[in-house]
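Some notes on the structure that comes next.
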Amino acid sequence: MAKARTSKSSPIRVLIAKPGLDGHDRGAKVVARALRDAGMEVIYAGLRQTPEEIVRAALEEDVDIIGLSILSGAHMALFPRILALLKEHKAGTIPVFAGGIIPDEDARRLRKAGIRAIFGPGTSLEEIVTTARSLARPTA
Amino acid sequence: MKGPARLPAAARAIVDGDRRVLAQTISAVENGDPSADPIVRALYARSGRAPVVGLTGPLGVGKSSIVNALVGRLRSLGQTVGVIGVDPSSPFTGGSVLGDRIRLERRADDTGVFFRSMASRGAAGGVAETTRQVSRLLDAAGFDVILVETVGSGQVDVAIRDIASTSIVVVVPHLGDEVQTLKAGLFEIADIFCVNKVDLPGAELAKRDLAELVMLGGRASSWTPPIVGTSTVDAKGIDELWNAVVAHEKFLDVSGERTRGERARLSSEVVGLARDRIGRELMQRLEQDPSLRRLLEDVLARRIDPRTAADRLASTSQRARRR
């Protein structure tokens, strides 16, 4: 079946998840709230998700975009795994963005690996919303 | 009944267990995308097997946690489960945070569970219709049990009656007046009452209050809703809750209520769908036909009244259909 969600009137569906073991989810919740206020349907998957759980949630919920929040430092292990699993399930076209404490050098490598946008501390919510929207609806 | 060979490819894939196609078809149904239509039509004949269990009740009573506990229980019984979690959309932005998934604990490789979050997206009637279609898709996909968790307030919760074969109304101790308001709305739709958080003080009182309400009667069915105490922190009462669902499903079969209920529900569904369609046709005619547009101008100028105008509109559409 062709991707049905082409109409601009249908809300953008986004998965917000925290991979790995850190318990600091305030940032993820603030972003979830901002995306909601921008009219998106945010599936909040919560804390301590494995890459497998995140990809599964993304597929079942048929999301347009995935946002990952991480503060533990394990991004170089977890993000590439999530991208690989998405590809494995023929869902490599779902854009993934990330936020958290990610050193510049890591961020460069992750972008190269396929993470579409990376937001560090101090990023405005407006920038996150605008980027998420344009990633989810490139033509709109 | 349609033979397997005549199913559209996407419908075939759903029946064969393709979860990606299932997820995408659910999106199409939610979005009112016409591409879902042939799939939904084709799969109807394969629905109607799985019990559809609705959970509703005020905000914060623990519906998601109970759904998670029931999923665990059903998996241990070897049953597969499709779950729909409905959360409200903002009436202002249309946005929504769907958090029912957070409570879900399960192995990522367990294909016996499929969880889908849905936003209510404004129109209350629309949610009920979408939820019905999605639960049929899950049914046709072969899940043994469908669980539907609703918003926790408002019209949808009563509409769950039109979708679920067994409705569980969840409350907690110390709801006070909330229990009183159940009398008018949620009370009538409960097949089972679940007093969650029975580890909290006041649980016995809450159960007694409900028992009194149940005894007062006023229900159409001969089924007396049991009152089950649960606590999801220690998985207390979850077996009993599921046993109550099984008992109610059995009652539906033995008493003939299932067929009676289904007939009533389907007739209102068919009439509702036909009414929507006729309404759309009339709206189209009103927009396209200049003489009918003048009719509206006449109503606006108070030369004729809305009922007379409606009579004329209806009669032109009958003529159009006879041609």
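The values are calculated or read from the model by the stated rules, or taken from the named source; none is laboratory data. In this text, all values refer to a predicted model and were calculated from it rather than measured experimentally. In this analysis, Cβ positions are derived from the backbone assuming ideal geometry, glycine residues included, and neighbour counts consider all displayed protein chains.
Points to keep in mind about this one:
- Scanning region A:112-121 for residues that are without any contact (Cβ under 8 Å) to a residue 24 or more places away in the chain and in a loop (DSSP other than H, G, I, E, B) turns up A:R116, A:G120, A:P121.
- Taken together, the residues in region B:66-86 that are touching a Gly at 6+ places or on another chain (Cβ under 7 Å) and among the charged types (D, E, K, R) amount to 1.
- Of the residues making up region A:26-46, those that are facing chain B (nearest Cβ under 9 Å), surrounded by fewer than 20 Cβ atoms within 10 Å (Cβ to Cβ) and modelled with pLDDT of 85 or more are A:K29, A:R33, A:D37, A:G39.
Condition check ((1) over 22 Å from B:I14 (Cα atoms); (2) more than 8 Å from chain A (Cβ to nearest Cβ); (3) surrounded by 22 or more Cβ atoms within 10 Å (Cβ to Cβ)) across all residues:
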{"residue": "B:V71", "(1), (2), (3)": "no, yes, yes"}
{"residue": "B:L77", "(1), (2), (3)": "yes, yes, no"}
{"residue": "B:G82", "(1), (2), (3)": "no, yes, yes"}
{"residue": "B:P91", "(1), (2), (3)": "yes, yes, no"}
{"residue": "B:G94", "(1), (2), (3)": "yes, no, no"}
{"residue": "B:G99", "(1), (2), (3)": "yes, no, no"}
{"residue": "B:V113", "(1), (2), (3)": "no, yes, no"}
{"residue": "B:S117", "(1), (2), (3)": "no, no, yes"}
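- In the set B:E281, B:E257, B:E297, only one residue is in contact with a Ser or Thr (Cβ under 7 Å, 6 or more places away or on another chain) and exposed (fewer than 15 other Cβ atoms within 10 Å of the Cβ); that residue is B:E281.
- Taking region B:53-87 as the range and being in a helix (DSSP H, G or I) and out of contact with any Asp or Glu (no Cβ under 8 Å at 6 or more places or on another chain) as the test, the residues that pass are B:S65, B:I66, B:A69, B:L70, B:V71, B:S76.
- Output for region A:12-25, where each listed residue is within 21 Å of B:V86 (Cα to Cα) and surrounded by 23 or more Cβ atoms within 10 Å (Cβ to Cβ): A:R13, A:V14, A:L15, A:I16, A:A17
- Inspection of region A:10-25 finds a residue satisfying the criterion of being modelled with pLDDT under 95 and at the interface with another protein chain (Cβ under 7 Å from one of its Cβ atoms).
- Residue, farthest from A:V63 (Cα to Cα), within region B:6-22, restricted to residues that are surrounded by fewer than 19 Cβ atoms within 10 Å (Cβ to Cβ) and within 10 Å of chain A (Cβ to nearest Cβ): B:P8
Quick grid of which residues meet (1) at the interface with chain B (Cβ under 8 Å from one of its Cβ atoms); (2) among the basic types (K, R); (3) outside any strand (DSSP E or B):
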| residue | (1), (2), (3) |
| --- | --- |
| A:R48 | no, yes, no |
| A:I54 | no, no, yes |
| A:L59 | yes, no, yes |
| A:G73 | no, no, yes |
| A:F79 | no, no, yes |
| A:A107 | no, no, yes |
| A:L110 | no, no, yes |
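- Residue satisfying condition, being away from every other protein chain (no Cβ under 14 Å), in a loop (DSSP other than H, G, I, E, B), in contact with a helix residue (DSSP H, G or I) (Cβ under 8 Å, 6 or more places away or on another chain) and surrounded by 19 or more Cβ atoms within 10 Å (Cβ to Cβ), within set B:A50, B:A128: B:A50
- Failed criterion for B:S153 (all others in (1) at pLDDT below 90; (2) polar (S, T, N, Q); (3) buried (at least 19 other Cβ atoms within 10 Å of the Cβ) hold): (3)
- For region A:63-78, the count of residues that are crowded, with 20+ Cβ neighbours inside 10 Å, charged (D, E, K, R) and at pLDDT 95 or above is nonzero.
- Number of the condition not met by B:E30 [criteria: (1) surrounded by fewer than 22 Cβ atoms within 10 Å (Cβ to Cβ); (2) within 16 Å of the chain's Cα centre (by Cα); (3) closer than 16 Å to B:D87 by Cα]: (1)
- Among the residues listed as A:G99, A:G92, the single one being of a type in the set (G, A, S), more than 14 Å from chain B (Cβ to nearest Cβ) and outside any helix (DSSP H, G or I): A:G99
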